[in-house]
Amino acid sequence: MKLRSSRTVFISLLVILIFVLHFASEAAELSQPTYEVKTEMDVKVPMRDGVQLSTNIYRPDAPGGFPVILIRTPYSNGDEKNGGGHFFAKRGYAVVIQDVRGRFESEGEFEPFLNEALDGFDAQEWSGTQSWSNGKIGTAGESYVGCTQWFPAPLGNKHLVAMFPIVTTGNRHALAYVGGAFQYHTCAVWGISMGASPEKAAVLMAKDMDKLFLHLPLMTLDEYAIGREVPFLRNWLSHPGYDDYWKRANIRDKYEAIRVPIFNIAGWYDLFSADSLMEFNGVRHSSGNPTAREHQHIVVGPWAHDTPGKNGKVGDIEFGADSVPDLNKLQLRWFDYWLKGIDTGVKDDPPLRIFVMGENVWRDEQEWPLKRTQYTKYYFYSRGMLTTEPPENEPSDSYVYDPENPVPTMGGNNLGLPSGPRDQRQIEERADVLIYTTPELTEDMETTGTISVELYAETTAKDTDFTAKLVDVYPDGRAMNLCDGIIRARYRESNSKPTLLTPGKIYKYTIDLKVTSNVFKKGHRIRVEISSSNFPRFDRNPNTGNTFAMDAEVISATQKIYHDAEHPSHILLPVIPGASN
């Protein structure tokens with residue numbers, strides 16, 4: 001999802017940046033810009049219930065049927081000069097860009113995600129049967145525009161041939177809630193902006209955002225921000241657990257029905273990093289079509305939700321120009337092969353290409369997680385130690401979590417907030433942040449895969465949060481975050497059936513830190529941060545145990561972290577032998 005309401009879609013198609021591709025060499029030249037472009041603006045396309053969606057068409061000004069690239073967006077389908085539309089139309093594609101239901105010139109009510117499956121199918125059916133179409137459709141786009149690709153995919157439209165989703169997810173509950181905590185900044189700002197008129201959205205952006213995010217109860221945030229309710233945002237807040245409301249937009253029990261080749265783009269610092277890898281794996285292993293299983297691909301770079309600049313700078317680190325993709329070229333290679341039958345070398349591409357941070361190199365892999373992974377536990381000790389030696393009689397550590405003074409978000413997998421790797425030293429000075437650090441490494445160590453923390457903790461509250469963050473500590477002292485996670489205590493056992501705590505009792509929590517690929521260089525140190533807030537990326541747990549989003553009361557909680565023989569709190573790292581070799 002993009003935190004902007006008027007920016008033209010298909011941003012990914014406008015990114016023309018330098019990227020040294022390590023894929024197989026093209027066996028034939030890519031389509032060239034040989035056509036003049038004919039445009040048709042605001043064509044009304046009927047859905048099965050009669051609602052008409054505004055659709056712009058950019059196609060070669062020539063007779064005959066052409067393959068179609070379909071983009072469905074909530075961010076405006078643009079104007080006659082749409083750069084993405086012209087780029088592909090000049091190269092022999094009919095580009096169809098449609099405003100989703102309830103947005104801009106399209107009729108109906110906008111309810112994020114819920115209508116994208118059927119409307120997407122209907123748009124594919126319409127696009128595949130027009131006189132200027134040859135009946136073959138590829139879908140493209142990023143973020144929400146990637147969701148509009150995933151949700152109709154299991155319906156199996158006969159015209160759909162290939163997909164190219166970028167930094168996105170196929171599970172909308174995973175967008176709104178992470179470890180049971182509300183992904184506050186993203187959902188609040190995006191949700192209120194998308195549910196408001198442009199004038200009301202401008203009112204929101206003019207507010208004191210720090211004060212805005214401290215507003216309680218959460219359920220009335222929309223009224224406080226823009227003076228009116230945003231029904232879908234209130235629905236999100238009314239359904240913190242995974243229930244039937246969220247199941248209406250989730251492809252993860254439908255991978256078998258997705259039967260087309262898909263090329264995914266993901267970023268280690270994108271909020272959908274783990275989701276993108278999950279969708280890639282799910283279709284690759286479960287699709288009912290052998291060709292689709294064989295041709296699932298993903299590229300994961302050191303990117304946040306927005307593509308980095310020319311120097312590949314993300315957050316405080318420059319990863320180099322080679323880290324930046326030419327997305328136009330990647331998509332053209334993909335669609336030329338699947339929609340035109342041009343041998344561009346796509347069929348020989350590796351299933352997985354990852355950017356290994358630290359070494360800052362690209363590497364091909366055959367599976368996720370990597371088969372050669374050596375999962376290694378690093379245990380927490382008192383006095384801030386982190387070691388592979390299991391603890392014995394270590395004393396516990398404690399801190400006070402005060403929702404009135406939460407730990408501020410500092411980089412990470414954000415949307416709308418400063419994202420990517422950022423120096424965490426200021427955060428680590430806080431009394432409510434525990435840090436556990438290894439000695440300086442005597443040799444390089446690569447971690448590539450899914451990261452998790454097993455935490456044994458006690459609290460004085462009926463409900464609270466625990467957070468964890470993996471950090472690369474440089475010889476000069478910089479502490480650069482790699483990935484992080486959160487667990488809301490009431491969802492420690494299930495994301496659908498909450499259970500409150502007994503204050504003073506020790507519980508085991510598993511915190512999912514999602515994914516990364518990084519070489520901790522010789523002389524660096526590995527660090528884990530433990531706390532109870534990451535605000536405003538996630539909402540503050542008020543510690544009361546009351547009904548979510550209805551609470552205007554907050555109380556402090558004393559947290560005690562155990563790390564002894566009976567309670568061996570640790571981080572589980574996916575260590576790759578022979579780092580980056």
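A compact table of results
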read-out: Condition met for MET480 (modelled with pLDDT of 95 or more, in a strand (DSSP E or B), more than 21 Å from THR510 (Cβ to Cβ) and not β-branched (Val, Ile, Thr)); value: yes
read-out: Hits in region 253-270 (condition: among the β-branched types (Val, Ile, Thr) and either touching a Lys or Arg at 6+ places or on another chain (Cβ under 7 Å) or assigned to a loop (DSSP other than H, G, I, E, B) (or both)); value: ILE258, VAL260
read-out: Selection within region 421-451 - among the acidic types (Asp, Glu), open to solvent by less than 60 Å² (accessible area, probe 1.4 Å), outside any strand (DSSP E or B) and more than 30 Å from GLU367 (Cα to Cα); value: GLU428, ASP432
read-out: Among (1) among the small types (Gly, Ala, Ser); (2) over 30 Å from THR129 (Cβ atoms); (3) in contact (Cβ under 8 Å) with a residue 24 or more places away in the chain - the single one GLY170 does not satisfy; value: (2)
read-out: Of all residues in region 376-387 being closer than 25 Å to ALA461 by Cα and among the hydroxyl-bearing types (Ser, Thr, Tyr), the one that is least open to solvent (accessible area, probe 1.4 Å); value: SER382
read-out: Near pairs, Cβ below 8 angstrom, 6+ apart or cross-chain, from region 550-569 (over 15 Å from TYR507 (Cβ atoms)) to any residue that is small (Gly, Ala, Ser) and open to solvent by less than 30 Å² (accessible area, probe 1.4 Å); value: ILE555/ALA461
read-out: Filtered residues of region 31-52 (kept if open to solvent by less than 30 Å² (accessible area, probe 1.4 Å) and either farther than 23 Å from ALA162 by Cα or of a type in the set (Phe, Trp, Tyr) (or both)); value: VAL51
read-out: Any chance ASP244 is within 18 Å of GLN183 (Cα to Cα) and among the acidic types (Asp, Glu); value: no
read-out: Odd one out for MET219, checked against (1) modelled with pLDDT under 95; (2) in contact with a Lys or Arg (Cβ under 8 Å, 6 or more places away or on another chain); (3) surrounded by 18 or more Cβ atoms within 10 Å (Cβ to Cβ); value: (1)
read-out: Residue list for region 320-360, restricted to those being of a type in the set (A, V, I, L, M), under 30 Å from GLU443 (Cβ atoms) and open to solvent by 10 Å² or more (accessible area, probe 1.4 Å); value: ALA321
read-out: Selection count where residues are assigned to a loop (DSSP other than H, G, I, E, B) and more than 16 Å from ASP551 (Cα to Cα), scope region 202-241; value: 8
read-out: Tally, over region 544-581, of residues that are assigned to a strand (DSSP E or B), open to solvent by 40 Å² or more (accessible area, probe 1.4 Å) and of a type in the set (A, V, I, L, M); value: 1
read-out: Yes/no for LYS497 being surrounded by fewer than 24 Cβ atoms within 10 Å (Cβ to Cβ) and on the phi < 0 side of the Ramachandran plot; value: yes
read-out: Residue count for region 379-396, restricted to those that are under 22 Å from ARG525 (Cβ atoms), touching a residue at least 40 places away in the same chain (Cβ under 8 Å) and out of contact with any helix residue (DSSP H, G or I) (no Cβ under 6 Å at 6 or more places or on another chain); value: 10
read-out: Leading residue by the ranking (surrounded by the most Cβ atoms within 10 Å (Cβ to Cβ)) among those in region 271-311 that are among the hydroxyl-bearing types (Ser, Thr, Tyr) and touching a Ser or Thr at 6+ places or on another chain (Cβ under 9 Å); value: SER276
read-out: Residue check, ARG383 of a type outside the set (S, T, N, Q) and on the phi > 0 side of the Ramachandran plot; value: yes
read-out: Residues within region 62-105 that are open to solvent by 10 Å² or more (accessible area, probe 1.4 Å) and small (Gly, Ala, Ser), tallied; value: 7
read-out: The lone exception for VAL324 - which of (1) at pLDDT below 95; (2) among the aliphatic types (A, V, I, L, M); (3) more than 25 Å from GLY412 (Cβ to Cβ) it fails; value: (3)
read-out: Count of residues meeting criterion [touching a Leu at 6+ places or on another chain (Cβ under 8 Å), of a type in the set (Val, Ile, Thr) and in a loop (DSSP other than H, G, I, E, B)] in region 486-522; value: 0
read-out: Failed criterion for ASN495 (all others in (1) modelled with pLDDT of 95 or more; (2) more than 18 Å from the chain's Cα centre (by Cα) hold); value: (1)
read-out: Single match in PRO390, PRO418, PRO403 (criterion: modelled with pLDDT of 95 or more, in a loop (DSSP other than H, G, I, E, B) and open to solvent by 10 Å² or more (accessible area, probe 1.4 Å)); value: PRO390
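Matching residues to (1) in contact with a Phe, Trp or Tyr (Cβ under 6 Å, 6 or more places away or on another chain); (2) surrounded by 23 or more Cβ atoms within 10 Å (Cβ to Cβ); (3) in a helix (DSSP H, G or I):
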| residue | (1), (2), (3) |
| --- | --- |
| GLN130 | no, no, no |
| ILE137 | no, yes, no |
| GLY146 | no, yes, yes |
| PRO154 | no, no, yes |
| VAL161 | yes, no, no |
| THR169 | yes, yes, no |
| LYS200 | no, no, yes |
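The values are calculated or read from the model by the stated rules, or taken from the named source; none is laboratory data. Everything numeric in this text was worked out from a predicted model, so none of it was measured. Don't worry about glycine lacking a Cβ; one is built from the backbone with ideal geometry, like all the others, and counts go over all protein chains shown. Areas reflect the complete protein model, heavy atoms only, side chains present, ligands, DNA and RNA absent. Shrake-Rupley method; radii C 1.70, N 1.55, O 1.52, S 1.80 Å.
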